[in-house]
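Student: My questions all concern the structure below.
Values in this text are rule-based calculations from the coordinates and carry no lab data. Note that the structure is predicted; figures quoted are calculated from it, not measured. Every residue, glycine among them, receives a Cβ derived from its backbone with ideal geometry; neighbour counts consider all protein chains shown.
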Amino acid sequence: MIYEFPNHSEPIRQGDIFVDIPRVEFELSSTLSVLEQGDKISSISWEELVLNKKDVAAVFGVTLVPAIVVTQSCDAQRKEHVTLCEVVELTEIGSFKKRHEQNNKNKVKNLLKNERQIHNFFYLPPDDILGFETCKSIRFSHTIRMPRNVLETIIDNRKARLNDTAYEHFREKLSNYYRRYAFNEWYMLNKDELREYEYFSELKPDQLYPWHK
């Protein structure tokens, strides 16, 4: 469908899909397990680590996940680090958690609607060669940074690449996600219009602009 399958000799490009990329997991609210001399393990809080201002070797949880390269192709082939975005199950996306198990008509309608409306979403269909047995989605908010030379050593983990049609859409969706700006849409309303707006949105006094008061 929307995938190509590059051979291992081809350089890393934006839109390349890798599997088994390590995602490090830790919480700053809990203590960190730190390796000391003699392979001794001790616990230290994040606050203590910051106060000591020194680098340490710590033990973290690692989960292997699929991910797609979002660094531009020219940079992915020469820069020190490459950024990837995690690929997750479609059912992890809010609007699909309850709606995914539908008939094909409703499924297609929901996919197209959310592809247009959800910024943090890019649909990836199943594919046997790629190894995606279920519907997936790219989460642009879930980034993973890896040294380029390390990524090159696991080039066998690159299982596919977006074809030209999907890649064009992917670039546009990615750029829109990172260049969008949050704003309060009611700033343009006058007092009378704001009263109408309040019927379906509860605004607090500190959210109003001077021309609303």
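Student: For 71, 134, what's the fewest-to-most ordering of other Cβ within 10 Å of each Cβ? Kindly include the intermediate steps, with their values, before the conclusion.
Tutor: Numbers: 71 21, 134 11.
Listing 71, 134 from fewest to most nearby Cβ atoms yields 134, 71.
Student: I've got another one for you. Within a Cβ distance under 9 Å of residue 77, other residues only, what is the Lys/Arg minus Asp/Glu net charge?
Tutor: Values: positive: 13, 78, 79, 148; negative: 75.
Residues near residue 77 contribute +3 overall.
Student: Counting other beta carbons within 10 Å of each residue's own, what order do 16, 164 fall into, fewest first?
Tutor: Details: 16 27, 164 9.
If I rank by nearby Cβ atoms, fewest first, I get 164, 16.
Student: Please turn the phi angles of the stretch 66-81 into ³J(HN,Hα) values with the Karplus equation 6.51 cos²θ - 1.76 cosθ + 1.60 (θ = phi - 60°), one per residue in order, whole Hz, x for glycine and proline.
Tutor: Result, rounded to whole Hz: x, 7, 10, 6, 10, 5, 4, 4, 4, 6, 5, 9, 9, 6, 5, 10.
Student: Another question, then. Just in the stretch 1-77: which chymotrypsin sites (Phe, Trp or Tyr not before Pro) are loop by DSSP and have at most 15 other Cβ atoms within 10 Å? Could you put the intermediate results ahead of the total?
Tutor: Values: sites: 3, 18, 26, 46, 60; in loops: 26, 60.
Sparse-neighbourhood loop chymotrypsin sites (Phe, Trp or Tyr not before Pro): 26, 60.
Student: How would 171, 13, 158, 195 line up from fewest to most surrounding beta-carbon atoms within 10 angstrom? Mind showing how you got there, number by number?
Tutor: Details: 171 15, 13 18, 158 21, 195 11.
If I rank by nearby Cβ atoms, fewest first, I get 195, 171, 13, 158.
Student: Also, quick follow-up: Lys and Arg at +1, Asp and Glu at -1: add these up for the other residues within a Cβ distance under 9 Å of residue 63 and post the number. Intermediate values should be presented prior to the final figure.
Tutor: On the way: positive: 23; negative: 25.
Residues close to residue 63 contribute a combined charge of 0.
Student: Where Lys and Arg each count +1 and Asp and Glu each count -1, what net charge lies around residue 3 among other residues with Cβ under 15 Å from its Cβ?
Tutor: Numbers: positive: 13, 136, 158, 159, 161; negative: 4, 10, 16, 127, 128, 133, 164, 168.
For residues surrounding residue 3, the net value is -3.
Student: Amide H to amide H under 5 Å from residue 140: which residues, 5+ apart in sequence or cross-chain, H placed 1.01 Å off N in plane?
Tutor: Hits under the 5 Å cutoff: 121.
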